[in-house]
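Notes follow once the structure below has been shown.
The numbers here are math on the coordinates, done by the rules we state, and not lab data. All figures in this text were calculated on a predicted structure; none of them were measured in a lab. Here the Cβ is made from the backbone with ideal geometry for all residues, glycine too, and neighbour counts use every protein chain on show.
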Amino acid sequence: MHIETTIEDIQEANELIIDVLLRKSDTITGATRNYLESLKDYLKKNNQTTFTNAEIRRNLRIKETTLRRYNSQLLAENYIQRVKKSKTKSYCFEVVDVDEYSNLKAQINGALQNCITQIELATSPQSRHQQNGEVKEKKVS
């Protein structure tokens, strides 16, 4: 017994698994990722690059202990960094790379699409019969 699969079936499976692959290849927890994406949205919406803990606690309504846990994980994984304000000599934070998650998603999508392309090339009728423009002939022994 065998199961036949079409390239379209594989493409649909890839669409279903992309979020799982994205989360599994992430170096931070799901809750911290959700916080980071909310933080990026907040900064973009407010046309900001830096933020303080008090500002984020107030605007994203996150408990102080939870915020500290998220930020310590993001600092440890280099998703955010501390920045010293020269005027007030106080610290704030900034996101190191706002596009890192979309870049990771593009990389995973590229890898999955490359697999589809390889399958298409391997299963196309022309590739079975031709190689380097020459028709392959079976050798009879």
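Nearest 20 debye, what's the magnitude of the dipole of the chain about its Cα centre given +1 on Lys and Arg Cβ and -1 on Asp and Glu Cβ?
My answer is approximately 1220 debye.
Which residue, Gln107, Gln11, Leu74, has the largest displacement toward the positive end of the dipole of the chain when charges sit on each Cβ (Lys, Arg +1; Asp, Glu -1)?
After comparing all options, I get Leu74.
Okay, which of region 40-57 sit inside 16 Å, backbone N to the point 7 Å along the Cα-Cβ direction of Val98?
40-52
At 7 Å along the Cα-to-beta-carbon direction for both Gln118 and Leu21, put a label point, then send me their distance in nm to one decimal.
With each label point 7 Å from Cα toward Cβ, the separation is 1.1 nm.
Tell me the mean residue ellipticity at 222 nm calculated for the chain from its helices only (DSSP H runs of n ≥ 4, each -39500 (n - 2.57), averaged over every residue, nearest 500).
Taking each H run of at least 4 residues, the total per residue is -19000 deg cm²/dmol.
Take the Cα radius of gyration of region 7-108 and divide it by 2.2 N^0.38 Å, with N its residue count; two decimals is plenty.
Region 7-108 yields a ratio of 1.26.
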